[in-house]
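The next block holds one structure in the form of structure tokens; read it before the comments.
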Amino acid sequence: MAKLLLATLLVCIGCGVINYSVNGIVGSRLITADVVNHRVLIWNKIPNSTNQAADLVLGQPDFTANVINNTPDAPGTISAYSIRHPQGISDTGDKLIIADQLNNRITIWNTFPTRNHQPADIVLGQPTMTTGNANIGGRSARTLSNVIQLAYDGTHLMVADQVNRRLLIWNSLPTVDQQAADLVRCAFVSSVASTGKKMLITDKNQNRVMIWNTFPTVSGQAADIV
């Protein structure tokens with residue numbers, strides 16, 4: 001837990017300044033969404049010294065750039081390389097999942113990135129890697145608007161689709177672009193977690209935490225504990 005808190009409190013690293021970091025995820029790696037710099041920083045091992053430089057950066061070609069949607073040869077345009085205001089992150093061990101908030105999408109790397117600016121493989125919430133509008137074609141099980149947090153428990157992918165005031169659930173990790181979610185729960189979700197058997201969400205507008213003692217199997221399933 002101490003290492004997780006350290007991850008969220010770092011303000012300066014050897015590769016540049018972290019400007020409003022919302023996530024520090026501890027597993028075999030440390031991964032931080034450096035929100036206003038429009039990048040995700042990765043340490044391949046948990047740092048053991050102050051001011052230790054990150055090993056990899058996604059969303060930017062190097063550790064000094066901070067361009068919104070920094071696409072090679074076309075800066076400012078959306079692509080598999082670009083990120084705009086990253087938020088939630090999940091590391092499955094061999095894959096990486098990022099909530100790309102202001103591009104209204106989730107991006108998935110099918111193998112964990114090994115080089116700077118490595119492009120994502122799959123996009124959710126958008127028909128292609130080059131679009132970023134909210135609810136393209138109308139709100140549906142395939143669209144997103146202002147995604148902020150996500151969780152992956154090894155089976156289910158859960159996404160807090162904030163402006164649409166709902167939680168979307170995929171019963172397995174998607175394998176194609178704009179794959180439709182399997183379940184939906186209406187709530188203004190600000191965070192989500194799962195043990196694989198239970199699910200917990202923070203319902204921000206109602207000032208409460210909701211707990212399902214068994215993972216939901218139908219849309220709109222009522223929580224067991226509030």
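Each reported figure results from applying straightforward, stated rules to the coordinates on display, with no laboratory input. The structure displayed is predicted, hence computed values, not measured ones. We place every Cβ from the backbone using ideal geometry, glycine too, and count neighbours over all the protein chains shown.
Exposure proxy check: S191, S28, S49 ranked by fewest other beta carbons within 10 Å? Write down the numbers at each step before the final one.
Details: S191 16, S28 10, S49 6.
Arranged by neighbour count, lowest to highest, S191, S28, S49 become S49, S28, S191.
In deg cm²/dmol and to the nearest 500, what is the mean residue ellipticity at 222 nm of the chain if only DSSP H runs of at least 4 residues count, each as -39500 (n - 2.57), divided by the residue total? Write out the running numbers ahead of the final one.
Working: 1 runs with 8 residues, N = 226.
Helix-only estimate at 222 nm: -1000 deg cm²/dmol.
What are the semi-axes of the equivalent ellipsoid for segment 22-96, taken as the square roots of 5 times the Cα gyration tensor eigenvalues, largest first, in whole Å? Write down the numbers at each step before the final one.
Values: eigenvalues 97, 36, 22 Å².
Each semi-axis is √(5λ); the values are 22, 13, 10 Å.
Please say if segment 154-217 is rounded, prolate or oblate, where rounded means a/c under 1.5 for a ≥ b ≥ c the square roots of the C-alpha gyration tensor eigenvalues, and otherwise the choice is prolate for a/b larger than b/c and oblate otherwise? Walk me through the intermediate numbers first.
Numbers: a/c = 2.39, a/b = 1.29, b/c = 1.85.
Because a/c hits 1.5 or more and a/b fails to exceed b/c, segment 154-217 counts as oblate.
When the chain is fully extended, how far beyond the present Cα-Cα distance does T175 get from K198, taking 0.36 nm per residue of separation? It would help to have the intermediate numbers written out before the result.
Values: separation 23, 0.36 × 23 = 8.28 nm, distance 2.39 nm.
In short, 5.9 nm is gained.
Using Cβ counts within 10 Å as a stand-in for footprinting exposure, how do L157, L144, L183 rank, fewest first? Kindly include the intermediate steps, with their values, before the conclusion.
Numbers: L157 25, L144 30, L183 19.
Ranked by crowding around the Cβ, least crowded first: L183, L157, L144.
With the cut-off at 25 Å, tell me which of the pairs K45/K204; K95/K197; K95/K204 have Cα atoms farther apart than that. If you can, show how the numbers build up before the last one.
Details: K45/K204 34 Å; K95/K197 21 Å; K95/K204 29 Å.
Too far apart for the 25 Å limit: K45/K204; K95/K204.
For the chain, what is one quarter of the convex hull surface built on the Cα atoms, given in nm²? Mind showing how you got there, number by number?
Numbers: hull surface 46.4 nm².
If you wrap the Cα atoms of the chain in a convex hull and average its projections, you get 11.6 nm².
If the elastic network links every pair of Cα atoms under 10 Å, which of R208, R185, R29 fluctuates the most in the Gaussian network model of the chain?
R208
With 10 angstrom as the radius, rank R115, R142, R39 by how many other C-beta atoms surround their C-beta, starting from the fewest. Intermediate results must be reported in sequence, preceding the final value.
Working: R115 8, R142 19, R39 30.
Final ranking by Cβ density, sparse to dense: R115, R142, R39.
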